[in-house]
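Colleague: My structure is below; once you've seen it, I'll send some questions.
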Protein chains: 2
Amino acid sequence: MDCIIQVVGKKDSGKTSAIERAVKSLKDMGYSVTVLKHSHHSLDSPGKDTFRFKQAGADYVLFFGNDCGMFIPCDINIIYLLPTDILIIEGYKDLSLGQKIEIESPSQIESVSKRIVELGSLCNKLEGKFIVNGGNEVDISRDKMLKMLYKLLNFLNIKELSVRNS
Amino acid sequence: MDCIIQVVGKKDSGKTSAIERAVKSLKDMGYSVTVLKHSHHSLDSPGKDTFRFKQAGADYVLFFGNDCGMFIPCDINIIYLLPTDILIIEGYKDLSLGQKIEIESPSQIESVSKRIVELGSLCNKLEGKFIVNGGNEVDISRDKMLKMLYKLLNFLNIKELSVRNS
């Protein structure tokens, strides 16, 4: 269901470049693509204010400006929620999260990039339907929030539900 | 349902400091708290690799390291999805997203911070129940993903649904 491609390799082996090229090709093919970078470093503080809110204990800190970002608790489950057709992971070599490709040196950037695209092009575009509120049929391709709902229900293994007011 | 407190004021009026103090108090009171900062600036590029993935066209870019972050499309709807009891927004003065508090100068940091906490302490902690897969009752307080599901269903105005395989 979830189409995850994991690229592993030593430092400076060319992981980032291979993924970068593959993302461009997969986007051209109409896929929505997410990239996760695993690192042993910290995210640089992207501006004093968001850093201060994190330090004060906020569970989530969002930045909305010319571009947008969210500082989140480190929970790998987030990858099962994002409304994306293809997830490419750089690193996490000790975990088996998806189909693994290893890159050994920058001379393989071109071939590894092609291999990512090859695997990616086998991925299904996210689709599905809901029957909601006792009748209405809703196509999840209609919007991002519906796709997110679909992914979340799959993750939680829920096929049907009703909300009980409490 | 959603408890949103918006703090507006001119540059250097003390918005960040007032929110920072309020977050600490509300966390001590057991609330989960999210802060959104609205700015006319850009998020600094937090490291070359994530920036390269964004440039290559990735819809979402995640960074998982000692701390975690996600670079997301700028869609304000995300605020209705986060599994949080209280959302505090700094800025967005032209939008009415929640209860608005204005701060005029740093001399008001203390009083504005108290006012945020006062409003926040009226907020309900996120709770609710689902009946799933034809019988099981599930309490959303059990985990973050269930809370996210609850918020998402509220946002989409869905009271019951079933997934149709397609």
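Colleague: In chain A, which longest range has no trypsin sites (Lys or Arg not before Pro) that are both DSSP loop (not H, G, I, E or B) and surrounded by at most 16 other Cβ atoms within 10 Å? Don't jump to the answer; show the numbers that get you there.
Modeller: Working: sites that count: A:K10, A:K11, A:K93, A:K125, A:K159.
Formally, the longest exposed-site-free interval is A:12-92.
Colleague: Take every residue in peptide A:143-155, count the Cβ atoms of other chains within 10 Å of its Cβ, and give the average of those counts. Let's see the in-between values first.
Modeller: On the way: counts 2, 5, 8, 3, 0, 7, 10, 1, 0, 7, 6, 1, 2.
The shielding value for this peptide is 4.
Colleague: Can you give the convex hull volume of the alpha carbon atoms of region A:100-143 per residue, in Å³? Walk me through the intermediate numbers first.
Modeller: Values: hull volume 4.3 nm³, N = 44.
Expressed per residue, the convex hull around the Cα atoms of region A:100-143 is 98 Å³.
Colleague: Using every Cα-Cα pair within region A:126-166, state what percent have a distance larger than 15 Å. Mind showing how you got there, number by number?
Modeller: Working: 360 of 820 pairs.
Here the long-distance tail beyond 15 Å is 44 percent of all Cα pairs in region A:126-166.
Colleague: For the protein assembly as shown, give the share of DSSP beta bridges that are antiparallel, in percent and rounded to the nearest 5; count only bridges with both residues there. If you can, show how the numbers build up before the last one.
Modeller: On the way: 32 of 68 bridges.
DSSP beta bridges in the protein assembly as shown are roughly 45 percent antiparallel.
Colleague: Peptide B:26-37: average number of partner chain Cβ atoms within 10 Å per residue? If you can, show how the numbers build up before the last one.
Modeller: Values: counts 3, 4, 1, 0, 0, 1, 4, 7, 8, 14, 10, 10.
Partner Cβ neighbours, averaged per residue: 5.
Colleague: On to the next question. Points 7 angstrom from Cα along the Cβ direction at B:S107 and A:D12: gap in nanometres?
Modeller: 5.9
Colleague: Right, another one. Once you list every other residue whose beta carbon is under 11 Å from the beta carbon of A:K125, what net charge do they have if Lys and Arg are +1 and Asp and Glu are -1? Before the final figure, lay out each step's value.
Modeller: Values: positive: A:K147; negative: A:D85, A:E127.
Within the 11 Å Cβ shell, the charges total -1.
Colleague: Shortest first, in nm, what separates the label point of B:L97 from those of the same position in the other copies (7 Å along Cα→Cβ)?
Modeller: 2.8
Colleague: If we hang a label 7 Å off Cα along the beta carbon direction at A:K27, how far is it from the matching labels on the other copies, in nm, shortest first?
Modeller: So the label point of A:K27 gives 3.5 nm to the other copies.
Colleague: Two decimals is fine: what is log10 I(q)/I(0) at q = 0.15, 0.19 Å⁻¹ for region A:70-161, from a Debye sum with one equal scatterer on every Cα and no solvent?
Modeller: Results for region A:70-161 at q = 0.15, 0.19 Å⁻¹ read -0.76, -1.03.
Colleague: Rg (Å, one decimal) plus Dmax (Å, integer) for the alpha carbons of chain A?
Modeller: Computed over the Cα atoms of chain A, radius of gyration and Dmax are 18.4, 60 Å.
Colleague: How large is ³J(HN,Hα) for each residue in region B:115-123, as worked out from phi by the Karplus curve 6.51 cos²θ - 1.76 cosθ + 1.60 (θ = phi - 60°), to whole Hz, x for Gly and Pro?
Modeller: Values per residue, Gly and Pro as x: 5, 4, 5, 4, 5, x, 6, 8, 6 Hz.
Colleague: With Rg and the Kirkwood Rh both taken from Cα atoms, where does Rg over Rh land for the protein assembly as shown?
Modeller: In the protein assembly as shown, Rg relative to Rh is 0.99.
Colleague: So, counting K/R as plus one and D/E as minus one, what does the shell of residues with Cβ under 14 Å around B:A56 add up to?
Modeller: Values: positive: A:K15, A:R21, A:K24, A:K27, A:K37, B:K48, B:R52, B:K54; negative: A:E20, A:D28, A:E90, B:D49, B:D59.
With Lys, Arg at +1 and Asp, Glu at -1, the neighbours total +3.
Colleague: Can you pull out the GluC sites (Glu not before Pro) in region A:66-166 whose DSSP state is coil and whose Cβ has at most 16 other Cβ atoms within 10 Å?
Modeller: On the way: sites: A:E90, A:E102, A:E104, A:E110, A:E118, A:E127, A:E137, A:E160; in loops: A:E104, A:E127.
Sites meeting the loop and neighbour criteria: A:E104, A:E127.
Colleague: Under 13 Å from a label point 7 Å along Cα→Cβ of B:K159: give me every residue in region A:146-166 with its amide N that close.
Modeller: A:162-166
Colleague: Here's another thing I want to ask about it. Which entries of A:K147/B:K54; A:K147/B:K10; A:K147/B:K27; A:K54/B:K11; A:K114/A:K144 show an alpha-carbon separation above 30 angstrom in the structure shown?
Modeller: Details: A:K147/B:K54 21 Å; A:K147/B:K10 38 Å; A:K147/B:K27 32 Å; A:K54/B:K11 21 Å; A:K114/A:K144 28 Å.
In this structure, A:K147/B:K10; A:K147/B:K27 lie more than 30 Å apart at Cα.
Colleague: Treating only the Cβ of Lys, Arg, Asp and Glu as charged (+1, +1, -1, -1), what charge dipole size does the protein assembly as shown show about its Cα centre? Round to the nearest 20 debye. Display every interim value, and only then the final one.
Modeller: Numbers: 44 positive and 42 negative charges, 7 e Å.
The dipole magnitude comes to about 40 debye.
Colleague: May I ask you to report, in nm to one decimal and beginning with the shortest, the distances from A:N165 to the same position in the other copies, taking label points 7 Å along Cα-to-Cβ?
Modeller: 3.5
Colleague: I've got another one for you. So how strong a dipole does chain B carry about its Cα centre when Lys and Arg Cβ are +1 and Asp and Glu Cβ are -1, to the nearest 20 debye?
Modeller: On the way: 22 positive and 21 negative charges, 20 e Å.
Charge dipole, chain B, about its Cα centre: 100 debye, nearest 20.
Colleague: Okay, next question. Express in whole angstrom the spacing between the alpha-carbon centres of region B:88-154 and region B:1-79.
Modeller: Taking the Cα centre of each part, region B:88-154 and region B:1-79 sit 15 Å apart.
Taken together, the values in this text are just the output of simple stated rules run on the coordinates, not laboratory data. What you see is a predicted model; the values in this text were computed from it and never measured. Every residue, glycine as well, gets a Cβ built from its backbone with ideal geometry; the counts of neighbours run over all protein chains shown.
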